[in-house]
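Each value in this text was obtained by applying a stated rule to the coordinates, not by laboratory testing. What you see is a predicted model; the values in this text were computed from it and never measured. Here Cβ is always computed from backbone atoms with ideal geometry, including for glycine, and neighbour counts include all displayed protein chains.
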Amino acid sequence: MNKLLALAKHPQPFEPGTQELWLDEDIADYVLKAHFDETIPGGSRESKFIDETVNFITQFAPVDKFKKVIDLGCGPGLYSHKLAEKGYDVVGIDFNKTSIVYAINESVKHNLSIDYRIEDITNIEIENEFDLALLIYQIYCVFSPENRRRILRNVHRGLKPGGLILLDVLSETNYENFEENLMWSLSQGDSPMSDKEHLVLFASIKYPNHVSLSKNVLVFEDGKIVNYNYWNQHFSIKSLEKEVNEAGFTLEKVYADVNGVDYIAGSDSFAVVLKKCY
C-alpha cells in the first residue's frame with residue numbers, strides 16, 4: 001500500500017516510472033503492434049503520410065547531396081526502409097530490441113542494406129558521419145531538458161558541416177488544450193498492456209513550463225505494481241529555436257508536419273528543418 005500511495009503522488013518533471021514503456025518485455029508485442037496501428041496512441045502514422053514524408057525528404061535533402069542518413073528512434077524501420085529504397089545509406093537507431101529485430105528481418109527480406117543498431121540516442125557515439133538526421137514523430141518531446149541537450153550534442157557531433165535535421169514537436173497550443181484527468185478502471189484480461197486482471201489508475205497532469213504527463217499505474221492481484229510515465233515538452237517556435245541555437249543549429253524553415261505541408265499557426269504540432277551552423 002505504501003508503494004501505491006507513493007506512486008499516486010505527482011512525480012517531479014521527467015521523473016521515470018518504475019518501467020520504461022518502450023523497454024518493457026511484457027508488452028513488447030503491443031509496442032511493436034502500435035507502430036502499425038494508427039488508432040493506438042503513440043503508434044506510427046499511416047502509410048500514405050510516411051510516403052509523403054519520404055518524398056519531402058528527397059526534395060529538401062536530395063540523395064545526391066545528403067546520401068548518409070541517421071534515423072533516430074527508428075522503431076521498426078518504416079522510414080528507414082523507404083529511404084533505403086530511394087538510394088540513401090541509412091543507419092537506424094532504437095533502444096527497443098523487438099522493433100530492431102523486426103526492422104532487420106524486413107531489410108533482409110527486401111534485400112536492403114540498412115545498418116540497424118540497438119542503442120540509446122542519448123548516448124550514441126557518432127562523429128562527422130551523416131548528412132541528415134531524422135528525429136521525428138515528436139520523439140524529441142519526451143526527453144528531459146538535460147537529455148534533449150545530450151541528443152542535440154550527439155547529433156551535432158555526428159553531422160557533417162552543413163548537415164540537416166528534420167524534427168517535429170508538440171506545440172504550446174497542444175499544451176493549452178491538454179485536459180487534466182484522473183480515472184481508474186478494472187481490466188479483466190482485455191487490456192493490451194496485460195492479459196492478467198489488474199486495476200488501472202490513470203492521470204493526465206499539466207506542469208509549469210509547458211510540460212505534461214500521462215501516467216498509468218497498473219496494480220495486479222499478486223501485489224505487483226507497474227508505473228509508466230509518459231512525459232511531453234510542448235514548444236513554441238521561439239522556445240524551440242532558442243534551444244537548438246544553443247546547441248549549434250539554425251532553424252531553416254517551419255512546417256505544419258514532417259511531410260512538408262505549410263505551417264499553420266495554432267496547430268497541435270509543427271516540424272522544422274535545422275542546419276548545423278558550426
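Would you mind calculating the gained length between ARG153 and THR122 on full extension (0.36 nm times residue separation, minus the Cα-Cα distance), in nm to one decimal?
Between ARG153 and THR122, full extension yields 10.3 nm more.
Report for the chain the percent antiparallel among DSSP-assigned beta bridges with both residues inside it, nearest 5. Mind showing how you got there, number by number?
On the way: 42 of 61 bridges.
Of all bridge pairs located within the chain, approximately 70 percent are antiparallel.
Between (1) 19.7; (2) 18.4; (3) 23.1, which matches Kirkwood radius over Cα pairs in Å calculated for the structure shown?
It is the one labelled (1).
Do the sum for the chain: with -39,500 (n - 2.57) for every DSSP H run of n ≥ 4, divided by all residues, what is the mean residue ellipticity at 222 nm, to the nearest 500 deg cm²/dmol?
That calculation yields -8500 deg cm²/dmol at 222 nm.
Roughly how many nanometres apart are two label points built 7 Å out from the Cα toward the Cβ at GLU246 and THR58?
Output for this residue pair reads 3.9 nm.
Sorted by average packing, counted as other Cβ atoms within 10 angstrom per residue and highest first, what order do 134-141, 163-170 take?
Sorting 134-141, 163-170 by mean packing, highest first, produces 163-170, 134-141.
Helix 47-60 sits at what angle to the longest principal axis of the chain, using alpha carbons and giving 0 to 90 degrees rounded to 10?
For 47-60 against the chain, the angle is about 40 degrees.
For PHE95, PHE49, which order do you get if you count the other beta carbons within 10 Å of each Cβ and list the fewest first?
Starting with the residue having the fewest Cβ neighbours, the order is PHE49, PHE95.
Taking the alpha-carbon distance from LYS68 and a cut-off under 16 Å, which lysines remain once sequence neighbours fewer than 8 residues away in the same chain are dropped?
Those lysines meeting the cut-off are LYS82, LYS86, LYS160, LYS275, LYS276.
Quick one: angle between helix 237-246 and the longest Cα principal axis of the chain, in degrees between 0 and 90, rounded to 10, please.
The answer is roughly 70 degrees.
Under a Cβ-Cβ cut-off of 11 Å, what is the net charge of the residues other than ILE136 that fall near it, where Lys and Arg count +1 and Asp and Glu count -1?
-2
Taking Cα atoms, how many degrees apart are the long axis of helix 97-109 and the longest axis of the chain, rounded to 10 and kept between 0 and 90?
For 97-109 against the chain, the angle is about 40 degrees.
Using a Förster distance of 51 angstrom, determine the FRET efficiency expected from the C-beta separation of ILE264 and GLU221, and round it to 0.05.
That gives a FRET efficiency of 0.60.
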